[in-house]
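This report concerns only the one structure given below.
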There are 2 protein chains.
Amino acid sequence: MLRTHTCGELNISHLGETVTLCGWVQKSRDLGGTTFIDVRDRYGLTQLVFNTDSDDSLRELSRSLGREFVIRVTGKVLERTSKNAKMATGDIEIGVTEIEILNPAKIPPFMIEDETDGGEELRAKYRYLDLRRNPIRNNLMLRHKMAQEVRKYLDGRDFIEVETPVLIKSTPEGARDFVVPSRMNPGEFYALPQSPQTFKQLLMVSGFDRYFQIVKCFRDEDLRADRQPEFTQIDCEMAFITQEDILNIFEGLTHHLFKTVKGINLPAIPRMQYADAMRLYGSDKPDIRFGMEFVELNDVVKGKGFSIFDNAELVVGINAKGCADYTRKQIDELTEWLKRPQIGVTGMIYCRYNTDGTLKSSVDKFYNEDELTNWAAAFSAEPGDLILVLAGQTDKVRKQLNELRLEMGTRLGLRDKNTFAALWVLDFPLLEWDEESGRYHAMHHPFTSPKPEDIAMLDTAPGDVRANAYDLVINGTEIGGGSIRIHDRALQSLMFKHLGFSPEEAQKQFGFLMDAFEYGAPPHGGIAFGFDRLCSIFAGLDSIRDVIAFPKNNSGRDVMIDTPSTIADAQMNELKIKTVL
Amino acid sequence: MLRTHTCGELNISHLGETVTLCGWVQKSRDLGGTTFIDVRDRYGLTQLVFNTDSDDSLRELSRSLGREFVIRVTGKVLERTSKNAKMATGDIEIGVTEIEILNPAKIPPFMIEDETDGGEELRAKYRYLDLRRNPIRNNLMLRHKMAQEVRKYLDGRDFIEVETPVLIKSTPEGARDFVVPSRMNPGEFYALPQSPQTFKQLLMVSGFDRYFQIVKCFRDEDLRADRQPEFTQIDCEMAFITQEDILNIFEGLTHHLFKTVKGINLPAIPRMQYADAMRLYGSDKPDIRFGMEFVELNDVVKGKGFSIFDNAELVVGINAKGCADYTRKQIDELTEWLKRPQIGVTGMIYCRYNTDGTLKSSVDKFYNEDELTNWAAAFSAEPGDLILVLAGQTDKVRKQLNELRLEMGTRLGLRDKNTFAALWVLDFPLLEWDEESGRYHAMHHPFTSPKPEDIAMLDTAPGDVRANAYDLVINGTEIGGGSIRIHDRALQSLMFKHLGFSPEEAQKQFGFLMDAFEYGAPPHGGIAFGFDRLCSIFAGLDSIRDVIAFPKNNSGRDVMIDTPSTIADAQMNELKIKTVL
């Protein structure tokens, strides 16, 4: 090796040793004729010192070293006169006797510091420099540690990691596929997998029993902070199990990760019905770091002549604890925030429970103080609280109130990134109506099994059929989702029929899987975790970008390598395709 | 779980316990009124027994179970009267009290046995059934174990696994890229990576210091037994190292794998110069499980009037030990084999060293016995040996003789799959001349550094410049290859110039990397192992197909899922492409 030690390991026990270090010049300063240089590598920082004892040419060379120069230095480990208890190597410094410049560096376009002055675009272009910063490097080291612990846990429970293909078949279900033209089969295309779903099910048919894979998946969808065209899943499947077994094994994985990576003993993960999650939080991924549950008010508020409430399908509110002192201006501002097109509220009703015990609402014309006392009772409100109420069509108003609840949670400091609350959401609907295509879509995917007792409703009330499907939610983010699968050809065919496939289409697209079900398919089910999201939650980040070494921007571009880009005509000719702009 | 135990774990210590097993019916037989069924899962086989004590309906049901039915049985663990010492569960059987058919099965299209009657195509179509067979499952479990041990070894040495992107940029160097049209950037394409080469180098520039990744790579090349369009690499890179460090770390990995996976203590891996490998074996990946080294005969045979030898650039041969008794017919057959177009030999000269001490060649007209004695001496031949000699243009004749040597090694049983001989081949040429394009190509890749002492020859004798490049060869198969990289912009530019890039082209394609070299790039180097090949060698297989769960055939097709396939016009319209057939 070019070095004897790293920049993070020397301490008082090495005093007097002659060592060689390699790294980057973090900073350099002259103090009364002595030059100090901090040299940095992945493992830490070490202070180099060049003082009046040093050779003149060495001192001169030391003063020529710019930030981010790559150097190799040899010298003696000395005890510092002024120690730095915050640095692992803060007790020592190196009295340098030799320097070699391994590579000079231009002045970086932004500071390589924990808090940098570089804008997002500049840092994306020079991602290799951004990756030098501690916070980003720590995220990727966290990610590595998490992958290690996932594998350790699953390896220890007889799961086998099997690689499934990346060049697969395009299917009409789910999100948009990325496709890959085949040169050897002109006019034909591969697709990149949105998940290894059918392959992991086939592995169960093959008897692999417990499968997992940490695997890249691809979706050609419009992008946002927590979506990338390529993303990573912890993909798992088990045979001869019930839903309870899956929940237990993967609750165990979640506990293992919190314990080994964060040192946190997460409590048992509570479980909630999908229907309850929608009723109490207006979301299938409630953030239960805080309460502020929805209270439905139809019985309390209707029939008093307030037409907005009287005409609404649902009147529902939350209790913002301790917010009675919100000014009119604050409430107006909140109302404006709710009126943005993304949320689309037309108006918000409030009721202050003043600290003097009086109640004051924005609809005093229709509700007297006695009636408001009933409101307060419904919310178990106390003096000092602020009740916020929305009204409208049930699904819509729940979604809106979910936004309001999350916003109030944030404003009240109830959503601390270092607090973690996990939740299982169970019994999702099997199907959801899609207005645009005028048909039902699989809410999870077409291979999810309906609850046996609900199958009869497939014809009469398809929207009410519940699935053996479950999500793991942490801090209001969906981290994992899965289901018990169909393993019976007839039921799978029925499912495709309800999704609008003709028998021929179903056979063409998924015949291999339905055929496989006829050759001895065991009962099976599984789950997939969004590994990028899981890492970002563990790292306390809002976006998944900074747990990915080389992410793409919102246009799907990598601006560092400048891709996508045009390709040579010769390439297109070989592939028998052309672009039509 | 639907079971209390697996089919591989019950033994005499479980006698009397009531257990529930799940699995597939392997076989069923009736013996004097008693029905025996072997039930199989990933973990093993267990014998079920239904005898005259059993309930009538249960016995009837047991007789209705076909091969590959998925069943769940409950019963008591009984001691067998006739034990089977070859089976882990051979001491016991289950006296069944309950059966549930979890899924019936059609008769499989081929036998689910270690030796099956299914042809390759049929097994590919029903790959999920082929994967049930022990040999294939064992290959995939071996692969899992190998990936585990690779990670354990590298994790333990401060390597960080970092995921690099799959949607990258198409570049003109190397093999043909698979490309992916970008919907969000019409007319532009991503490419799938042939390796994460530039990304891992950027990670070194970022200071990651020790990187690895077990990663899918893609090459759109014509296929053969050891090539697939998608394949897996163990990809590694280190900074602040010399070639010696890389060789040591990865020799350590190789030893670790042989030890932990095969229980083999591999000796220290010998090292050979590329030039010597070519001279002694006619190959840059010699199989050194056996000797049979080349002996060059120019000094011995020229000038005796035999024009074929006199006109040849190189006369070179091998000594086939103990083959003096080869008949004329056998030698003719060998010559015919060499004359096939793939090898293209025009003629082979032989010299028998008979057991009686006489020497007899096919060119006695030109060489008397004294002269043949000189031949024999050159080969250190002994009575009973057969000397086989080819002549021609150096590179060509070496390649031909390599084929002959390997064939003779095989015929003589010197290439046993359970014997392992690893070899480092060092100091590859930097460049190789490509007749077709009329320019030099990078033998390894354009980022490989030339030996400093050879740089001056880039202008005068480019073909003689040696690279800091090395391959790991096991049993004549290239398993890994790598190099010390260029980390200096000027040298990288010079390299691109010699590869025929204009400065503009070089900047357009690889500007991001050359720019990165200006911001403090450390000296670095790495290696990548072909994980599929490594697994196939460990599994004793000739092809990589059966260490891959879902491989493609020679036309790049997955016949099970029927891909590649046509896609909808709507998809092509969205992507702004069309096919031109």
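Annotations
- Coil-residue GluC sites (Glu not before Pro) of the stretch A:397-449, DSSP, other Cβ within 10 Å capped at 13: A:Glu435, A:Glu436
- Phi angles across the stretch B:125-142 convert, under the Karplus curve 6.51 cos²θ - 1.76 cosθ + 1.60 with θ = phi - 60°, into 3J(HN,Hα) values of 5, 9, 3, 5, 7, 4, 5, 6, 6, 3, x, 6, 4, 4, 4, 6, 6, 4 Hz, Gly and Pro given as x.
- Remark: for residue pairs A:Lys417/B:Lys200; A:Lys259/A:Lys285; A:Lys152/A:Lys508, the C-alpha separation exceeds 28 Å in A:Lys417/B:Lys200; A:Lys152/A:Lys508.
- Sum of side-chain charges, A:Val301 neighbourhood, beta-carbon under 14 Å (Lys, Arg +1; Asp, Glu -1): -4
- Over the stretch A:87-212, relative contact order from alpha-carbon pairs under 8 Å, at least 6 apart, %: 17
- Summing charges over neighbours of A:Thr4, with a neighbour being any other residue whose Cβ is under 11 Å away from its Cβ, gives 0 when K and R count +1 and D and E count -1.
- Reachable lysines, given that their alpha-carbon falls under 26 Å from the alpha-carbon of B:Lys76 and they are not under 8 places away in the same chain: B:Lys27, B:Lys86
- Net charge, B:Lys259 excluded, C-beta distance under 14 Å - Lys, Arg +1, Asp, Glu -1: +1
- The amide H of A:Gly44, built 1.01 Å from its N in the peptide plane, has A:Cys7, A:Gly8 as neighbours under 5 Å, considering only residues 5 or more places off or on other chains.
- The alpha carbon centroids of the stretch B:341-395 and the stretch A:300-332 are separated by 103 Å.
- Dipole magnitude of chain A, debye to nearest 20 (Cβ charges: Lys/Arg +1, Asp/Glu -1, about Cα centre): 1120
- With a cut-off of 11 Å on the backbone N, the residues of the stretch B:165-193 near the modelled label site 7 Å out from A:Thr579 along Cα-Cβ are B:181-190.
- Karplus-derived 3J(HN,Hα) values for the stretch A:506-517, using 6.51 cos²θ - 1.76 cosθ + 1.60 with θ = phi - 60°, are 4, 5, 5, 7, 10, x, 4, 6, 5, 4, 4, 5 Hz; glycine and proline are entered as x.
- For chain A, the relative contact order is 13 percent, taking Cα pairs closer than 8 Å that sit 6 or more residues apart in sequence and dividing their mean separation by the residue count.
- Shape box of chain A [Cα atoms, principal axes, largest first, Å]: 92, 76, 52
- In the B-A interface, the accessible area buried, summed over both sides, Å² (probe 1.4 Å): 11100
- For B:His444, solvent-accessible area (1.4 Å; no DNA, RNA or ligand), Å²: 70
- Building the convex hull from the alpha-carbon atoms of the stretch A:290-415 and averaging its projection over directions returns 7.0 nm².
- Cα centroids of the stretch B:192-209 and the stretch A:507-545: 29 Å apart.
- Each residue of the stretch B:253-268 was assigned a 3J(HN,Hα) from its phi angle through the Karplus curve 6.51 cos²θ - 1.76 cosθ + 1.60 (θ = phi - 60°); the sequence is 4, 4, 4, 4, 5, 4, 5, 7, 9, 10, x, 10, 8, 6, x, 3 Hz, with glycine and proline shown as x.
- The protein assembly as shown, helix-only ellipticity at 222 nm - DSSP H runs n ≥ 4, -39,500 (n - 2.57), divided by all residues, nearest 500: -8000 deg cm²/dmol
- Two-decimal Rg to Rh for the protein assembly as shown - Kirkwood Rh, Cα set: 1.02
- Charge dipole of the protein assembly as shown about the Cα centre (unit charges at C-beta), most positive-ward option of B:Val77, A:Leu494, A:Met560: B:Val77
- Sequence-distant lysines (8 or more away, or on other chains) whose Cα lies within less than 18 Å of B:Lys451: B:Lys497
- Take the Kirkwood radius over Cα pairs of the stretch A:160-283, plug it into Stokes-Einstein at 25 °C and 0.890 mPa s, and you get 141 µm²/s for translational diffusion.
- Residues whose placed amide H lies under 5 Å from that of B:Thr563, excluding near-sequence neighbours: B:Asp558
- Portion, in percent, of the accessible area of the protein assembly as shown that falls on carbon or sulfur, probe 1.4 Å: 48
- Applying the criteria of a DSSP loop state and at most 13 other Cβ atoms within 10 Å to the GluC sites (Glu not before Pro) of the stretch A:86-119 yields A:Glu115.
- Alpha carbon centroid spacing (whole Å) that separates the stretch B:26-61 from the stretch A:1-68: 76
- Residues of chain A were split at every exposed loop site, defined as trypsin sites (Lys or Arg not before Pro) in a DSSP loop with at most 10 other C-beta atoms within 10 angstrom, and the longest piece left, sites excluded, is A:87-364.
The values are calculated or read from the model by the stated rules, or taken from the named source; none is laboratory data. Computed from a predicted structure; not experimentally measured. Please note: Cβ atoms are built from the backbone with ideal geometry, for glycine as well, and neighbour counts cover all protein chains shown. Surface areas here come from the heavy atoms of the whole protein model, side chains and all, with no ligands, DNA or RNA. Shrake-Rupley method; radii C 1.70, N 1.55, O 1.52, S 1.80 Å.
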